[in-house]
1. Could you name every one of the helices (runs of 4 or more DSSP H) located completely within the range 1-89 that has at least 2 residues being modelled with pLDDT of 95 or more and either aliphatic (A, V, I, L, M) or exposed (fewer than 15 other Cβ atoms within 10 Å of the Cβ) (or both)?
2. Within the range 207-256, count every residue that is of a type in the set (Ser, Thr, Tyr) and surrounded by 15 or more Cβ atoms within 10 Å (Cβ to Cβ).
3. Kindly provide the set of residues from the range 418-428 that are at pLDDT 95 or above and either buried (at least 20 other Cβ atoms within 10 Å of the Cβ) or outside the structural domain of residue 179 (by TED's automatic domain parsing) (or both), ordered by number.
4. Scan 80, 160, 107, 90 and give me the residue that is within 24 Å of residue 21 (Cβ to Cβ), under 47 Å from the mean Cα position of the chain (by Cα) and touching a residue at least 60 places away in the same chain (Cβ under 8 Å).
5. Here are the criteria: (1) at pLDDT below 95; (2) touching a helix residue (DSSP H, G or I) at 6+ places or on another chain (Cβ under 8 Å); (3) within 22 Å of residue 459 (Cβ to Cβ). Tell me which single one residue 276 does not satisfy.
6. Restricting to the range 328-338, and then to whatever is surrounded by 17 or more Cβ atoms within 10 Å (Cβ to Cβ) and of a type outside the set (Val, Ile, Thr), can you tell me which residue is nearest to the chain's Cα centre (by Cα)?
7. Quick one: is residue 340 part of a loop (DSSP other than H, G, I, E, B) and either closer than 26 Å to residue 366 by Cβ or assigned by TED's automatic domain parsing to the domain that holds residue 466 (or both)?
8. Identify, by number, the condition in (1) under 19 Å from residue 210 (Cα atoms); (2) free of Cβ contacts under 8 Å to residues at least 24 places away in the same chain that residue 414 doesn't meet.
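The values are calculated or read from the model by the stated rules, or taken from the named source; none is laboratory data. Quantities reported herein were computed from a predicted structural model and do not represent experimental measurements. Quick reminder, even Gly has a Cβ in these numbers, built from the backbone with ideal geometry, and neighbours come from all protein chains shown.
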Amino acid sequence: MRPLVVTIVAGTLMAAGCTMTPAYQRPAAPTSSRYPTGGVYATQPSHGGGDRSARDRAAADIGWREFFADPRLQKLVEIALRNNRDLRVAVFNVDADRERYRITRAASLPAIDAAAGANVQRTPKDLAVSGRTVSRDYSVGLNTSWEIDLWGRIRSLSGAALAQYLATAQARKSIQIALVAQVADEYLTLLAYDDLLNVTKNTLSTAQESYRLTKLQFDTGVGSELDLKEAQSVVDHARANLEAQARARAQAENALVLLIGEPLPDDLPLGLSLDAQDLLTEVPAGLPSDLLSRRPDIMEAEEQLIAANANIGAARAAFFPRISLTGAFGTASPSLGDLFKAGSAAWSFAPQVALPVFEGGANTANLNRANVLKQIQIANYEKTLQTAFREVADGLAARGTYDNEIAALRSNQDAQQRRFDLAYARYRNGADSYLSVLTAQNDLDSSERQLVATRLARWTSIVDLYRALGGGWLEHSGDKPLAPDATASYARANSPM
């Protein structure tokens, strides 16, 4: 009775395709269920209804061509997606991991090889049978081998390879989304340097005119040498700033060229100035739980966790017997001419069972290591969630404060400009010293630089929030969302796990 039960159980397990992989459970999110509210988060852009409105669509559903209104920036993103080498490597990595998955999955199927052979052997005469010292054997046929995956070792390894493949596909998607944001950030940085150069050129022009007037007063004995040197220092400082900013702009352009993968084309469309950029600022944040299906880095981390979980099944299966079947079928003959004649058929069948008896603790160590690696992937997954939550929260804090900050800085710039005009007029009329002009000019220059820097920070924070919410994968809003790899969903649906 017992052998019959064992046979039935073994057959049932084989038919069900069981594995020893632990049931996967997604770890609980180590973050709040909602983003912060109140304080700096209280002021957020309202949801408009015009052509340049997000219309309450999630960032992942908004194409980058709609998010960026600047035609020059749109062209640069298009070129980068075609040429960027990091993205190209990511695509090749997906292809490589897909083939590795196919290799692993192929181990669950019988391997069949065609073989032909000849064996010629000489035996000493006193040992020869029937007096024949030379014997010849010819054979041709098919050889097959197959491991019966009773305990799911191969299926677990195949599942781990599939999860790794899908993780690489998500990594490719993450790189593309990051690339779109990086191109936008570098382009906006380039526009900021253009504005800073204009500010410095205006400062230099004003400083040179001030120096000319101060030198004229000094030459006529009306002004002092102290005023002259102070005016000269302003000119020299502006010249130094101009060179430094020209260098920084050139380096920013080089960074942009690296991202797009080719020199900046001469036929790029005209772009918008930094102040005239028109991004979709009111993209809704949604809930932190939405990130699980919108952030490819989170999905990549989860696939890595699934792979680690599957490896535990393979490590567990190593403790149980491995059953393999080998066989051959073909023809054999002592003469080549008789190889395919009737009666030359030959076959062999050799089942084998290997049961681990003593492995020096290797199987136990492998299982312990697989469990530790799973804990590492759990920690990585949780850290990825926390990082995503922090990036979105930072973006919301930025979006809720930059508008008011820029309004205050613009008002301050107007006040500093008026202050400089008054100080310069008083100095020309001899009612005040040049120190007042110098102080006012330095404060005006500082306020203009701060305004440019804050405008840049505002725009880049909006771009980064768009990325943090999973935006940048679609080119056009309304496009059918594609999997990171077109075959990924098919592979999982047809996985033997």
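1. On the way: elements: 2-16, 64-67, 71-83.
Here the list reads 71-83.
2. Step one: filter the range 207-256 for residues of a type in the set (Ser, Thr, Tyr), giving 210-211, 214, 220, 224, 233.
Keeping just the survivors that are surrounded by 15 or more Cβ atoms within 10 Å (Cβ to Cβ) gives 210-211, 214.
Count: 3.
3. Hits for the range 418-428: nothing passes.
4. Values: 80 fails: within 24 Å of residue 21 (Cβ to Cβ); 107 fails: touching a residue at least 60 places away in the same chain (Cβ under 8 Å); 90 fails: within 24 Å of residue 21 (Cβ to Cβ).
Every option except 160 fails the conditions.
5. Going through (1) at pLDDT below 95; (2) touching a helix residue (DSSP H, G or I) at 6+ places or on another chain (Cβ under 8 Å); (3) within 22 Å of residue 459 (Cβ to Cβ) one by one, residue 276 breaks only (2).
6. Within the range 328-338, the first condition is being surrounded by 17 or more Cβ atoms within 10 Å (Cβ to Cβ), and the residues that meet it are 328, 330-333.
Remaining after also requiring of a type outside the set (Val, Ile, Thr): 328, 330, 332-333.
Details: 328: 49, 330: 53, 332: 58, 333: 61 Å.
Only one residue tops the list, namely 328.
7. Values: part of a loop (DSSP other than H, G, I, E, B): yes; either closer than 26 Å to residue 366 by Cβ or assigned by TED's automatic domain parsing to the domain that holds residue 466 (or both): no.
When the stated conditions are applied, residue 340 does not pass them.
8. (1)
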